[in-house]
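Report on the structure given below.
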Amino acid sequence: GSNIVASGMAYIPLGDGEEFSYLAFAHTTIAANNQAPSELSMADIQTFLYAAMASTGLITVVPDLIGFGSSKEIMHPYYVEEMSSLVVFDELRAVRELLKQEEISSDAELYLSGYSGGGYVTMATQKYIEEHDLEYFDLKASFPAAGGYEMKGVRDFFFDQEVYETPYFMAYVAESYRTYYDFDTAWASQIFNEPYDQIVTGIFNGITGDVQINSRLNDTVAVLITPEFLSDPDNEKFSEISQLFYENSLLDWVPQNPMYLFHGDIDFTVPYQNSVDTYDAFLAAGGSPDIITLITFEGKDHYTSPVLYIESYFNTIMKLEGY
């Protein structure tokens, strides 16, 4: 019910009288504010990447996402559908206003992209755009990659592992939901064993990075998660928690504009099967394989897929743009 001032970056190509299309890119999962796009130095490799995206002739819009940049005092609503989509679309509207102010020409064509947590943001944004009658933008295609679109599946995959090397991902989701939906800190003790229940509620402070958070948690799942929740997460006792995993999954619609899903088939950080299940669910609900495409990077994991992803989806955009 209150206003939030969000922030982000816009990389605008130079051109004389050309009309540029828009590309929104949702960054990967971060925990520390100094990793947000607007906080990066001009010499940072990611800054060069975003500038390179714009150099192809696309107005490249990179939101910090809520919880970073100008909204750094707020807990990042990680894997919360509503806030993931609104912040992208609002920055697109803000950039459109900026372009009019600076007398820079743009057309209405829009592409959406993002990796990992940003893949989820990308799909949530397409869902939002297709479910609302929005002005100004003509969505041409989206390119979500390696995201956890079906949250219950992500949770169950995590619980099936004996050791999960990046426990901060699930802790991040849990603390995000606890904070966003305004639950008491006791909620954490239903999910995490001591002392991790106390650690989780204080460590996502915008200062501590992912490596440090992982080192404070435990990668043995049975040590981190309470026995009751681990053995029966859908028990009525945990209905409030489980409902949030359902509510923030993205399977309750069917994409109407082209969507290209990307994922490495040996990704054990965000499971490849989640993209397969999402693709299958869309087709089972009436989606067209001419609209929805699943692209698999064989033999690639969560950290060896991004370069292939960027190359692949940019080649597709260039073809759609007629280059």
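The values are calculated or read from the model by the stated rules, or taken from the named source; none is laboratory data. Note that this is a predicted model, so its numbers are computed, not measured. All Cβ positions, glycine included, derive from the backbone under ideal geometry; neighbour counts span all protein chains shown. Side chains included, ligands, DNA and RNA excluded: accessible areas come from the protein's heavy atoms. Shrake-Rupley method; radii C 1.70, N 1.55, O 1.52, S 1.80 Å.
Miscellaneous remarks
- Solvent exposure of region 279-323, expressed per residue, is 58 Å² of accessible area, with all protein chains present and a 1.4 angstrom probe.
- Check: region 59-112 dipole with +1 on Lys, Arg Cβ and -1 on Asp, Glu Cβ, in debye: 80 debye
- Anisotropy class of region 232-323 from Cα gyration tensor, a/c 1.5 cut: oblate
- Counted over region 1-105, the DSSP beta bridges are approximately 50% antiparallel.
- Summary of the geometry: region 192-213 and region 25-55, compared by the centres of their Cα atoms, lie 24 Å apart.
- 12 Å beta-carbon shell around ILE203, net charge (K/R +1, D/E -1): -2
- Whole-angstrom gap from region 258-323 to region 111-131, using each part's C-alpha centre: 13 Å
- In region 182-229, the chymotrypsin sites (Phe, Trp or Tyr not before Pro) that fall in loop regions by DSSP, at most 11 other Cβ within 10 Å: none
- Counting only DSSP beta bridges whose two residues both lie in the chain, roughly 20 percent are antiparallel.
- Highest average packing first - 157-167, 55-65, Cβ atoms within 10 Å: 55-65, 157-167
- Interchain or long-range residues, amide H under 5 Å from THR269's placed H: HIS302
- For the chain, the 222 nm mean residue ellipticity estimated from helices alone, with every DSSP H stretch of n ≥ 4 adding -39500 (n - 2.57) and the total spread over all residues, rounds to -12500 deg cm²/dmol.
- For region 136-277, carbon and sulfur atoms together expose 47% of the accessible surface, with a 1.4 angstrom probe and every protein chain in place.
- Percent carbon-and-sulfur accessible area, region 1-52, ignoring ligands, DNA and RNA, probe 1.4 Å: 53 percent
- The mean accessible area for residues of region 1-103, using a 1.4 Å probe and ignoring ligands and nucleic acids, is 47 Å² per residue.
- In region 1-44, GluC sites (Glu not before Pro) in a DSSP loop with at most 14 other beta-carbon atoms within 10 Å: GLU18, GLU19
- Entry for Rg and Dmax of the Cα atoms in Å (calculated from the structure that is shown) out of [x] 19.4, 63; [y] 21.6, 63; [z] 45.1, 153: [x]
- In plain terms, the chain from ASP184 to GLU311 could stretch by 41.3 nm, reckoned as 0.36 nm per residue minus the Cα-Cα distance.
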